[in-house]
Amino acid sequence: MNGIAKPAGILLIITAVAAMLLGVVSEVTKEPIALQNAKTEAAAMAEVFPVDGVEFETIADTSVGDTISGTISKVSEAKVNGETAGYVVTTNPSGFGGAVSTMVGVDTEGVITGLRVLSHSETPGLGALSTDPSFYEQFAGMSGEIKVTKDGGNVQAITSATITSRAVSDGAQEALNWVNENGGAN
C-alpha cells in the first residue's frame with residue numbers, strides 16, 4: 001500500500017498542474033478566438049449580402065437565448081443608410097455527417113443574394129464540396145421554392161452527395177421562408 005502512495009501523489013500533482021495550465025491557456029485564448037470568429041462571421045456576411053455601405057445588426061440569436069423557428073440559429077438585419085435592405089440568416093440543417101451550417105443573404109424582395117457553408121462534418125471529397133463556389137454560387141438570385149433537381153427543383157446537387165445538397169437547399173429554403181413570414185419580403 002505504501003508503494004502506491006508516492007506514485008499516486010506524483011500523478012495527482014502532475015494532473016493538478018496540467019489542469020491549471022489548461023485553464024490558464026483557455027482564458028488567455030478565449031478573447032482572441034472570439035475576435036477571430038467575429039471577423040470570420042463579418043466577412044461571410046459581407047459575402048452573402050454584397051452591397052456597398054451595408055451594416056448588419058443581429059435581431060435574433062439562439063446563443064443568447066432567443067427562440068427562432070426550425071434550424072435557424074441567427075438572424076441579422078442588413079441596413080443601407082438606415083433602411084432595411086434584407087437579412088442574413090444562419091441555419092443548421094442536417095446533412096449526411098451532421099449539421100451543415102449555412103449563412104444565407106436574402107433581400108427585401110425575397111431573393112437570395114448569396115450563400116456560404118460555414119461549417120460541416122460531411123465526407124471529404126463528396127459533401128465537403130458544398131464549400132466549393134461552383135456549388136454554392138448557384139443559389140444567388142433564387143427565390144420561391146428551393147430544391148435539388150432530383151426532387152423537382154433547380155439546384156444542381158453535388159454528385160454522390162445528394163443528402164448534403166438537400167441540407168444546403170433546406171437551409172436556403174428556411175432562410176427564405178423566415179424572411180417571407182416575418183415581413184422581410186415585399
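Only the coordinates and a few stated rules stand behind these numbers; no lab work does. Just so it is clear, the structure is predicted and the values come from calculations on it, not from any experiment.
The table below gives the values:
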item: Ratio of the Cα radius of gyration of the chain to 2.2 N^0.38 Å, where N counts its residues; result: 1.35
item: Spatially near lysine pairs across the chain, Cα under 28 Å, sequence gap of 8 or more or different chains; result: 5
item: Euclidean distance of C-alpha centroids, segment 31-58 and segment 68-93, integer Å; result: 12
item: Potential extension, T58-Q36 segment - 0.36 nm per residue separation minus Cα distance; result: 6.1 nm
item: Residue-averaged 222 nm ellipticity for the chain, from DSSP H runs of 4+ at -39500 (n - 2.57), nearest 500; result: -13500 deg cm²/dmol
item: Gaussian network model of the chain, springs between alpha carbon atoms under 10 Å - residue of A42, A85, A99 with greatest fluctuation; result: A42
item: Helix 162-181 axis, angle to the chain major axis (alpha carbon atoms, nearest 10°); result: 70
